[in-house]
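J.: The structure is given below, and queries will be raised subsequently.
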Amino acid sequence: PEGSPPTAVATVSQYACQRRTTIENNNKIFTDAFEVLAESYEFNENEGPCLAFRRAASVLKSLPWAVECLGATEDLPCLGDHTKAVMEEILLYGRSLQVESILSNERYQTLKLFTSVFGVGPKTAEKWYRRGLRSFSDILAEPSIQLNRMQQTGFLHYGDISRAVSKAEARALGNIIDEAVHAITPDAILALTGGFRRGKEFGHDVDFIVTALELGKEESLLLDIIDRLKHHGILLYCDYQASTFDISKLPSHRFEAMDHFAKCFLILRLEGSQVDGGLNIAEGDSRGWRGVRVDLVSPPVDRYAYALLGWTGSRQFERDLRRFARSEKRMLLDNHALYDKRKKEFLAATTEKDIFAHLGLEYIEPWQRNA
Ligand code: ATP
Ligand code: MN
Ligand code: MN
């Protein structure tokens, strides 16, 4: 900014949306430890320190160099006394006692195990833990527990869903969705989003955005795709959520994390023959297919850029985009829109570049958003 003295080294911004973060992480020994700490605070519903460790991890991920001494972190933002103490321990002894004690803690281990099931969040995991349940067989043998449809599916497909999805598998699923979308609406728009758009090698699911050029047609599009996948016999699970989006109500609702677009959370059956180099399955698994989690979201075409930006992630990148908009620009950003509170108006965008420009940010490519 004007007025400030020139500095020799570019300073690292406190906002992830002003940093370029590729999938190459030079500080994994620290960021893995921070993630354990963040998760542990999350399980204890202690949001402050949880976010602080996630923010610190995100800063270290953006560095093109490895931190080799604490002095090197002096000019970095978002690193507090606690984070620095953990880093110092790791630099000295290669490990953090606090992290090790969390990893061997029964409550942490159990909540981690339970939340690894599709459809089980921290609240449910905690409830089961308080009832003395410690393993999957404890849960499945407990007659008073009523699993919902999502959780039943989670247990049924546990092996497949907890196994990472490879890039080749994501590509094969892209072909399947592409065929379905364009058989229904030839001029529909389909885009890969989420972690694979950011260039990740593996993901927990594959995320797509679909929209129709004709406004309003996008909702039936999603239902038609689901029908087609069912007809092809590859739909193992489908949770469809109709759109609750109402542009006339913006911004009366608070700008929020969850969006109101039509979407579906699926598990699809992927055949080994469809994947270059074969499936990512356990050795000795001879089924020849696996289940894969797929998310489809279907915004109206005039919301496409906002939806794409919102679904590309990472979660930390999104958090900081919103925080930057609010704190630095007096604007409100979510997956639907950008609102300028000073001018009292919505800002239109047809591309992600438009949105970065509205915010006065340099454009950050999807593969640089792995914050
Ligand atoms: P992974 O490889 O683990 O899938 P990811 O970055 O793709 O990593 P996802 O959980 O698939 O993670 O989420 C992708 C993006 O979509 C995130 O930025 C998240 O904010 C957004 N997102 C996910 N679920 C919803 C939802 N129900 N409503 C709105 N946005 C969502
Ligand atoms: Mn994803
Ligand atoms: Mn997803």
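The values are calculated or read from the model by the stated rules, or taken from the named source; none is laboratory data. Just so you know, these numbers come straight off a predicted model, no measurement behind them. Quick reminder, even Gly has a Cβ in these numbers, built from the backbone with ideal geometry, and neighbours come from all protein chains shown.
J.: Condition first: without any contact (Cβ under 8 Å) to a residue 40 or more places away in the chain, away from ligand 2 (no atom under 13 Å from the Cβ) and in the same structural domain as residue 276 (by TED's automatic domain parsing). Can you find one or more residues in region 191-202 that meet it?
T.: No.
J.: Moving on. Within region 278-297, can you find the residues that are within 21 Å of residue 116 (Cβ to Cβ), of a type outside the set (Gly, Ala, Ser) and either in contact with a strand residue (DSSP E or B) (Cβ under 9 Å, 6 or more places away or on another chain) or modelled with pLDDT of 95 or more (or both)?
T.: 279, 280, 281, 290, 292, 293, 294, 295
J.: Could you tell me whether any residue of region 127-137 is closer than 27 Å to residue 298 by Cα and of a type outside the set (A, V, I, L, M)? Please lay out each step first, then the result.
T.: Filtering region 127-137 down to residues closer than 27 Å to residue 298 by Cα leaves none.
Checked region 127-137: no residue is closer than 27 Å to residue 298 by Cα and of a type outside the set (A, V, I, L, M).
J.: Of all residues in region 323-334, how many are crowded, with 20+ Cβ neighbours inside 10 Å and in contact with a Leu (Cβ under 8 Å, 6 or more places away or on another chain)?
T.: First, pick out the residues of region 323-334 that are crowded, with 20+ Cβ neighbours inside 10 Å: 324-325, 331, 333-334.
Those left that are additionally in contact with a Leu (Cβ under 8 Å, 6 or more places away or on another chain): 324-325, 331, 333.
Count: 4.
J.: I'm checking my understanding of the structure. Among residues of region 59-76 that are outside any loop (DSSP other than H, G, I, E, B) and out of contact with any Cys (no Cβ under 6 Å at 6 or more places or on another chain), which one is surrounded by the fewest Cβ atoms within 10 Å (Cβ to Cβ)? Give the steps one after another, and end with the answer.
T.: Quick first cut of region 59-76, residues outside any loop (DSSP other than H, G, I, E, B) only: 59-61, 70-73.
Okay, now just the ones that are also out of contact with any Cys (no Cβ under 6 Å at 6 or more places or on another chain), so 60-61, 70-73.
Working: 60: 25, 61: 24, 70: 14, 71: 7, 72: 12, 73: 18.
This residue is 71.
J.: Which of the residues spanning region 294-318 are of a type in the set (Lys, Arg) and crowded, with 20+ Cβ neighbours inside 10 Å?
T.: Narrowing region 294-318 to residues of a type in the set (Lys, Arg): 303, 315.
Once the filter is applied, which keeps residues that are of a type in the set (Lys, Arg) and crowded, with 20+ Cβ neighbours inside 10 Å, region 294-318 yields only 303.
J.: Return a yes/no flag: does region 140-162 have any residue that is of a type in the set (Ser, Thr, Tyr), within 20 Å of the chain's Cα centre (by Cα) and under 30 Å from residue 200 (Cβ atoms). Spell out how you get there, then give the answer.
T.: First, pick out the residues of region 140-162 that are of a type in the set (Ser, Thr, Tyr): 144, 153, 158, 162.
Right, trim to within 20 Å of the chain's Cα centre (by Cα) and you get 158, 162.
Checking the rest, the ones that are also under 30 Å from residue 200 (Cβ atoms) come to 158, 162.
Yes, region 140-162 has at least one match.
J.: Considering only residues that are touching a helix residue (DSSP H, G or I) at 6+ places or on another chain (Cβ under 6 Å) and hydrophobic (A, V, I, L, M, F, W, C), look in region 271-291 and name the one that is surrounded by the fewest Cβ atoms within 10 Å (Cβ to Cβ).
T.: Selected residue: 275.
J.: Take the residues in region 293-315 that are of a type in the set (Lys, Arg) and part of a helix (DSSP H, G or I), then tell me which one is farthest from ligand 3 (Cβ to nearest atom).
T.: Residues of region 293-315 of a type in the set (Lys, Arg): 293, 303, 315.
If we keep only those that are part of a helix (DSSP H, G or I) too, we end up with 303, 315.
Values: 303: 18, 315: 10 Å.
Applying the filter and picking the extreme gives 303.
J.: If you don't mind, there's one more thing I want to ask. Taking the stated definitions as given, is residue 34 crowded, with 21+ Cβ neighbours inside 10 Å and either within 19 Å of the chain's Cα centre (by Cα) or on the phi > 0 side of the Ramachandran plot (or both)? Even if it seems obvious, please write down each step before you answer.
T.: On the way: crowded, with 21+ Cβ neighbours inside 10 Å: yes; either within 19 Å of the chain's Cα centre (by Cα) or on the phi > 0 side of the Ramachandran plot (or both): yes.
Against the criterion (crowded, with 21+ Cβ neighbours inside 10 Å and either within 19 Å of the chain's Cα centre (by Cα) or on the phi > 0 side of the Ramachandran plot (or both)), residue 34 qualifies.
J.: Let me ask something else. Which count do you get for residues in region 40-60 that are of a type in the set (Asp, Glu) and closer than 15 Å to residue 115 by Cα? Walk me through it before giving the result.
T.: Of all residues in region 40-60, those of a type in the set (Asp, Glu) come to 42, 45, 47.
Those left that are additionally closer than 15 Å to residue 115 by Cα: 42, 45.
Of the residues in region 40-60, 2 are of a type in the set (Asp, Glu) and closer than 15 Å to residue 115 by Cα.
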